[in-house]
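Here the structure comes first, spelled out in structure tokens, and everything after it is commentary.
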């Protein structure tokens, strides 16, 4: 049964697999000192506009988040995140396991703004409470929404004024950079945060995330931290080769764009059929609201998650597309939806 | 320049890469619930002789060690290891970073025995000291030596009597199982330890280690711990496919045997030339002792580590071979050694 | 200026100081193995009705909470607490610093019930999220409210059914046990929780809290944990002597009762003057709502905290009394309030 | 039975108890902001010669060590200590529990020197190993030996050159400052370390240690750390009053001197009887070597620890005196020793 559950159901883009084969037999230095990792780093430094940027290839998003945040903070310093933030919900307390409290703020669209941070700073005013020190955002958010350059600039300025670090989780960053309405570049991500990461797993690699640190004192000794948390692969070439290839010829952006296109195409088709949406997401996840009976029928033919109950008879479902999603699969879902919906209406008419 | 520095200089065995390609396009469940991971687990359960064994595929050795040990211990419980143990020296304090002290014992061959443990238990007798609770061994050790079945049985029995957990690091386990004189099987490793892991990285995979836990209460909730420490790959299929292939048709054992054979062949050739050895290792690392001037000459033509100074004019070097080492490379090293040595003698004679 | 800010402004009850003097010159075993600690433990075991109860005297509330909770939980296990819980707000992330996430539930009166816990259990259903394992309550709560025996029984039963540990912070437990409407005894606290602590600091000792653990496997090795976290005083006699004295002749209960009486007397007097209350607390903290101008005037003559804004012109203040609060001080506050209020009304009439 | 086991068998010096009584009834600010703590801090700032020194009163030595060290280090940074160091042996892995590895060096007299540190720095050269960052010493050491000003200066200079922090555990610091041959002052301790602590427990207080931090960035936010680890007493006045009194009229130094005098008097008397010593300690612990049969006899009349076996028939015992040890007790021990020894010789003669 075809799955729209997530964007990591398939393996890697063929170019990436081919590169792994091409590079397989040479001897390379271990632990990320190989030539392919160096090439990948060079490509990323070029994109962020800093020939000395601190770039590190890691294995998973949770690993990247926990290494970065635990490396940046002293023991009493805490991390501000949206209540829906990935680190707050779906990483099994990975940040707390390194000793740091998360301070959560409610955000209807998953985004963080100075207005949401301000009360947290006001409330945490003395040594009986943790010290807010790092703001965690993700772009896009868990709800598929994105930050505009203006919003990011404003947040960045605010953090600087308040002596807060700004860290961005970019598990699906590609989707945020190339979607309709996007005006943020990788260079902006670099300039406006203290550190961020570029996810590979959800945009065509087998695995791998690139942590990029701008603020020099945060980058100091970071390889020690990576090793200590188990993040240094002996065959770093495997990560190096993948990112080297991903950032050749715009592959990263093309794959992200394809994922977005598939989702937005599906959204348009569903909207035409009268579907409303739980939240307006321009990236590769969409949240159409459907009658529960229709959802039940669709579940027999496609895999997806039911995300939220919107009223007694309706729910929002989450549909995720990726670099690997075929237009055919999308069309199939839409036409099935039409059929199911029509059958329901006929039934109603008949009754 | 050809390198004998380690056994992770090359990529993966072709079978493994091919399997990644073959399996690339299907949709699979994430986070290790895919069909290939299930197949790999089934193969490993078969080899350890327990249809319900708790098997988990992780990304790196340090990650595996820290997840296992921190999951097994309460905060005041400590880990006994040889002073030369990998967790004691070369994992950047990964175990301590999870809160646990290492108690080191000196061992000339890198192995741990009840006799070495006993004084540690005697010394740690009250609540002002940590409580020794887990014995960490590796097989083979950092020095390439191996445990006999008898030694392992004795250690296992002792640990049980003393309420100690026994955990084995198997980064190079394959080499220990198939070397000359070996009488330990995977089934023995399982039966005689509480947990151990089978390294893939050093025997032909791109990366990946299989953690296997026998003692049921230690296995409880282990996936939570894996996720919390960043060890759960979204595309678990990548690990699954590699281990599925590695344990097909004895590939794992064949690759390990090749690594051993290359090292032992090199050792014999060097011995014939009169080389003594720092320690007698039957696996894929050997430690010939050479005149420092010869070492210097060899360094111009091959990569390897100088391991220990043995006297004013001599040092032991470490030569490591792997599944990917060609006989040609070994022969080339040996003949270079002969040439260099002869040149030295001629020089001596002339002088 | 007289302070109603808290219940730890003064030193210790004279009986306790005298006991310290009486016992000063003998030689005693260190680290809580002295005769006075043993006597205190015996007295407490008697009160909880278990001759083998695991009782430990510690230095501070935060220390007690962090030692207990970090000792009870595995790394992926989390703690459920009211959003207003002391560990969630005012302990500088002490629990997170030991690696454990807090899951907060909103509670208008500071109390936790099965109804509040249930959605947390439902939401945390798989290994990408922490595992709720311990319920933290305090009795009285941060708002001065108390648990009835029925509520505690219900919560305890629920926790047992759901495999949750129940832990009670008793920094001000005395106040909860002897206030109007109280029907919970120390024996109930013991029987209905897995562990709890009896605060000394806020009811007449110089410092000291008694941690009591009922569930045997949680008590195992607890002295190791106490030592490891810096909680084992060399001169344990200092804690022992204080608790020995505190639990002689009902002193503990009498001191707690005096604190409550002073607060409730003040509450009645203020109510008679027409004061409403932010929350109905039967213990030694009360939260009268006053006109902001009155509060400002009172602040010139007494110390107290402004707790919450209730509307544009009014706020709730917190007044705390203790074993050391004199009736005279209470009367002085009340009469000042009356004067200030009358002056305000006269001004109003004149205007 | 009289005990020479340690220097914390008795309560507090009468002046200190009297001060607690004198100050008992006033209302004071909580958490170390009270007037007595401020006075104690002022007195200590005067002694260290810095009107702005960062001084904090804590409850126990282990607590002080773990708060200081965990606050000063980043996660991958390690602590160098003598193998016999208190943190390495007798604090139940408290430092490791905060995530930091201890690197131990063997030292026959318990002291650390640049010569002992140098090989550790050489060995730890890359990110697969922890980064040595802090040198832990105690003065006096666990063996009662002391640092000369010259040694301390040399160590301090070395640490600065090597970017190492120097931290001194002063549980018994008083004894080191006033013993025969001592040339180090509190001001020296301050100037030559980054941080150190002055123990109160072993020199006449009920409990309490004063942490003093010289290096400004290490002192930043330290009260957050103290609170987070459970070290902030609500009634900070209890610590404040004790240290206020301890540093009045040289009481601290007088009490320390008395402890030393008693030990040295006992040492002289025993030496006159022909006793040899395991190590030459000028402070309040001495290690006479005695025939095992004599030790056995003495054990029936006094409490002390057997410290080390020196040959088949002899052992070193540890005798500790304190501010509270009476000359009478010392004389009694010496005369008992003489009697026991004579009886043994008579027996020998008779036989």
Compute the distance from the alpha-carbon center of the range C:1-52 to that of the range B:1-39, in whole Å. 64
Looking at the protein assembly as shown, send over the antiparallel percent of its DSSP beta bridges, to the nearest 5. 55
Nearest 0.05, what FRET efficiency do residue B:160 and residue A:21 give at R0 = 35 Å with Cβ-Cβ as r? 0.15
Note the angle between two axes, namely the Cα long axis of helix D:251-272 and the longest principal axis of the Cα atoms of chain D, as a number of degrees from 0 to 90, rounded to the nearest 10. 30
Would you mind pulling out the separation of the Cα centroids of the range B:93-135 and the range A:314-342, in Å? 58
Place a point 7 Å from Cα of residue C:150 in the direction of its Cβ. Which residues in the range C:74-116 have their backbone N less than 16 Å from it? C:113-115
Cβ neighbours within 10 Å from other chains - mean over A:27-35: 4
I need the inter-copy label distances for residue A:187: point set 7 Å along Cα to C-beta, values in nm with one decimal, smallest first. 5.9, 6.5, 7.8
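Can you tell me, using C-alpha contacts under 8 Å and at least 6 residues apart, the relative contact order of chain D as a whole percent?
The normalised contact order for chain D reaches 23 percent.
Across the residues of D:201-207, average count of Cβ atoms on other protein chains within 10 Å?
Mean shielding count: 4.
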In the Gaussian network model of chain A, springs joining C-alpha atoms below 10 Å, which of A:209, A:154, A:245 carries the largest mean-square fluctuation? A:154
For chain B, take the longest principal axis of its alpha carbons; what is the angle in degrees between that and the long axis of helix B:149-161, to the nearest 10 within 0 to 90? 40
Three-way shape call for chain D based on the alpha-carbon gyration tensor, with the a/c threshold at 1.5: oblate
Using the alpha-carbon atoms, what tilt in degrees (0 to 90, nearest 10) does helix D:237-246 show relative to the longest principal axis of chain D? 60
How high is the relative contact order of the range C:243-321, in percent, counting Cα pairs under 8 Å that sit 6 or more residues apart? 28
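Grab the beta carbon distance between residue B:248 and residue A:345, set R0 = 60 Å, and tell me the FRET efficiency rounded to 0.05. Before the final figure, lay out the partial values.
Numbers: r = 53 Å, r/R0 = 0.88.
The pair residue B:248/residue A:345 has a calculated efficiency of 0.70.
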Closest approach to the C/A rotation axis among chain C Cβ atoms, residue and whole-Å value: C:96, 2
What distance in nm separates the simple spin-label points at residue B:106 and residue A:328, each placed 7 Å from Cα in the Cβ direction? 7.0
Sorted on mean Cβ neighbours within 10 Å (highest first), peptides C:325-338, C:62-75 come out as C:62-75, C:325-338
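Relative contact order for the range A:183-313: what is it in percent, counting Cα pairs under 8 Å that are at least 6 residues apart? Kindly include the intermediate steps, with their values, before the conclusion.
Working: 96 pairs, mean separation 18.9, N = 131.
Reported as a whole number, the value is 14 percent.
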May I ask you to report, in nm to one decimal and beginning with the shortest, the distances from residue C:42 to the same position in the other copies, taking label points 7 Å along Cα-to-Cβ? 4.6, 6.6, 8.0
Between copies, how far does the label point of residue C:18 sit from its twins, in nm, shortest first, when each point is 7 Å from Cα along Cα→Cβ? 2.0, 9.2, 9.3
What order do you get for B:320, B:130 when you list them from fewest to most C-beta neighbours inside 10 Å? B:320, B:130
Using alpha-carbon positions, the gyration tensor of the protein assembly as shown gives root eigenvalues a ≥ b ≥ c; with a/c under 1.5 called rounded, otherwise prolate if a/b exceeds b/c, else oblate, the class is oblate
Expected integer from the mean partner chain Cβ neighbour count at 10 Å over B:70-78 is 6
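Coordinate-derived values only; no laboratory data. Note that the structure is predicted; figures quoted are calculated from it, not measured. Using ideal geometry, Cβ is built from the backbone for each residue, glycine included, and neighbour counts are taken over all protein chains shown.
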